[in-house]
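Below is one structure; the comments refer to it alone.
The values are calculated or read from the model by the stated rules, or taken from the named source; none is laboratory data. Values in this document were obtained by computation on a predicted structure and should not be read as measured data. So basically every Cβ, Gly included, is an ideal-geometry build from the backbone, and we count neighbours across all protein chains shown. Accessible surface areas use protein heavy atoms only, side chains included; no ligands, DNA or RNA. Shrake-Rupley method; radii C 1.70, N 1.55, O 1.52, S 1.80 Å.
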Amino acid sequence: MLNFLIFGPPGSGKGTQSVRLAEKFNLKHLSTGDMLRAEIAAGTELGKKMSAIMATGELVPDEVVIEMIAARIDSTKDSAGFLFDGFPRTVAQTEALEAMLNERGMKIDSMLVLDVDHDELVKRLILRAELSGRPDDKDPAVIENRIDVYKAKTEPIIEFCRQRGIYQPVDGVGSIDDIFGRLSNLISGYTES
Ligand code: B4P
């Protein structure tokens, strides 16, 4: 099985591209953001606790998302691999994912990093707020905090993946179709070899 991380700051297009890539390459799309929002929508105890954290733009505790991902990995059948979207978001999550995959005879094959400038990120998220009603998109201060949290806690994963030789930057500015083409070319390099 082939395992890809789709990576980038909030608003870089991770979720948008993941849905299409998962379909094209028969990958299981695992988005921790979607899983957390599903807990909130279902009104679970976990969802109630996490919604307050997410509304400020901070990250939820590592153990919460690591447990969610482990459960999904073990229940997934018949896919060519996994596309991890928005996970990992800390070096601790990355180490946990690597260990989880290694224990199951797999590894992280590639980290695809969408590169988008700050102003474009803010523009996209403000636009999405109008359509999605997501509380973390509505407030510009929360958007800025999410970008700051990304730089402080998530970006260090790039160095971790660089050392493993799996870091692949991708220009994340342009039409959704163009960016899909760039990502598809990179993934095809694995699936066709
Ligand atoms: P996520 O759900 O991962 O949210 P996100 O970073 O905003 O990215 P998303 O994938 O949704 O958006 P996309 O860039 O595709 O996380 C939300 C919160 O959950 C986090 O802040 C955190 O609190 C918590 N969380 C999730 N995972 C966690 C973890 N592992 N550990 C701890 N906490 C965790 O798209 C943005 C917008 O841009 C869309 O409207 C889209 O249409 C638009 N867009 C995309 N591509 C475009 C393009 N090329 N041109 C123009 N617009 C484009």
Scan the range 131-148 and give yes if some residue there is part of a helix (DSSP H, G or I), open to solvent by 50 Å² or more (accessible area, probe 1.4 Å) and under 21 Å from Leu5 (Cα atoms), otherwise no.
yes
Restricted to the range 98-117 and to residues being touching a helix residue (DSSP H, G or I) at 6+ places or on another chain (Cβ under 8 Å) and without any contact (Cβ under 8 Å) to a residue 60 or more places away in the chain, the residue least open to solvent (accessible area, probe 1.4 Å) is Met100
Considering only residues that are at positive phi and either modelled with pLDDT under 95 or within 8 Å of the ligand (Cβ to nearest atom) (or both), which ones fall in the range 36-70?
Gly57
